[in-house]
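Structure first, commentary second.
The values are calculated or read from the model by the stated rules, or taken from the named source; none is laboratory data. These numbers come from a predicted model, not from an experiment. Here the Cβ positions follow ideal geometry from the backbone for every residue, glycine too, while neighbour counts run over all protein chains shown. SASA here: full protein model, heavy atoms, side chains in, ligands and nucleic acids out. Shrake-Rupley method; radii C 1.70, N 1.55, O 1.52, S 1.80 Å.
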Amino acid sequence: MQVRLELLRDDGTILGKAQSPADDPLQAFFYSERTRYYVDNLISTSELASHRISRNLRRYCSEEDSQQIKMAVREMVLNAVEHGNLEIDFDTKTRAMAQGAYFDLLLARQRDPAYAGRKVKVDVSLNPNRVIFQVEDEGRGFDHESAKARADQANEERLEHGRGIKMTLAIFDLVQYNTRGNRVTLVKFFH
């Protein structure tokens with residue numbers, strides 16, 4: 001959705017309008033793409049990147065599938081930023097969120113010279129048969145098998161985070177991590 005906010009009066013009244021984005025007139029001519037992005041450690045950039053790298057999906061799948069894929073890729077890019085590049089582990093994030101201090105922690109890590117220059121590399125390959133995303137961070141990696149098991153715990157404990165991997169496994173046909181755990185490859189076939 002495209003959202004437009006307009007200040008109506010000096011008392012701070014704001015009118016919000018949301019509408020579906022206009023269709024890309026060139027999408028009818030789109031066939032395939034291979035792109036690479038280097039994303040910084042900002043949540044806002046991760047949002048913009050996930051929107052941009054999924055924009056041509058609608059050529060080969062439904063709007064619903066396109067939105068699900070975009071949401072899962074967004075989660076993987078955010079994981080690469082938070083848990084990979086900024087090295088914020090699950091328990092630290094849980095405590096910071098419970099204390100209402102998560103954004104302070106995020107900002108401190110983003111400013112820390114040990115993490116500030118790191119990037120998330122996102123490769124995209126899209127054609128009529130499938131889409132492949134490869135998301136790689138510059139962190140130490142993690143035990144992805146334990147993280148998959150912890151996703152069930154996050155549901156049981158009703159935590160506000162920890163479900164990204166589980167959601168991604170449900171949406172993509174193939175989710176494969178490298179041994180180190182700092183790169184994930186996501187494949188979705190169009191049937």
Segment 38-191: Lys pairs at Cα distance under 22 angstrom, eight or more positions apart or on different chains
13
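For the chain, what is the relative contact order in percent, using Cα pairs closer than 8 Å and at least 6 residues apart in sequence?
Details: 284 pairs, mean separation 41.2, N = 191.
That works out to 22 percent.
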Please check: in the Gaussian network model of the chain (C-alpha springs, under 10 Å), which one of Ala72, Ala101, Ala116 has the largest mean-square fluctuation.
Ala101
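Would you work out what percent of the accessible area of the chain, with all protein chains in place, is carbon or sulfur (probe 1.4 Å)?
Numbers: 5710 of 11460 Å².
The computed percentage sits at 50.
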Looking at the chain as a GNM with Cα springs under 10 Å, which of Phe103, Phe90, Phe133 has the largest mean-square fluctuation?
Phe103
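Taking the Cα centre of the chain as origin and charging only Cβ (+1 Lys, Arg; -1 Asp, Glu), how large is the dipole, in debye to the nearest 20?
On the way: 28 positive and 29 negative charges, 99 e Å.
Magnitude of the dipole: close to 480 debye.
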Translational D in µm²/s for the chain (Stokes-Einstein at 4 °C, 1.567 mPa s, Kirkwood Rh from C-alpha pairs)
72 µm²/s
Rounded if a/c under 1.5, otherwise prolate or oblate - segment 23-81, Cα gyration tensor axes:
prolate
Computed [θ] at 222 nm, deg cm²/dmol, the chain (DSSP H ≥ 4; -39,500 (n - 2.57); rounded to nearest 500):
-11000 deg cm²/dmol
Per residue accessible area in Å² of the chain, where ligands, DNA and RNA are left out and the probe is 1.4 Å:
60 Å²
Among Phe190, Ala108, Gly164, which residue has its Cα furthest toward the positive end of the charge dipole of the chain, with +1 on Lys/Arg Cβ and -1 on Asp/Glu Cβ?
Phe190
Just how much of Ser32 is accessible, in Å², when a 1.4 Å probe is used and the result is rounded to the nearest 10?
60 Å²
With a 10 Å cut-off between alpha carbons and a GNM built on the chain, which of Lys93, Lys17, Lys166 moves the most?
Lys17
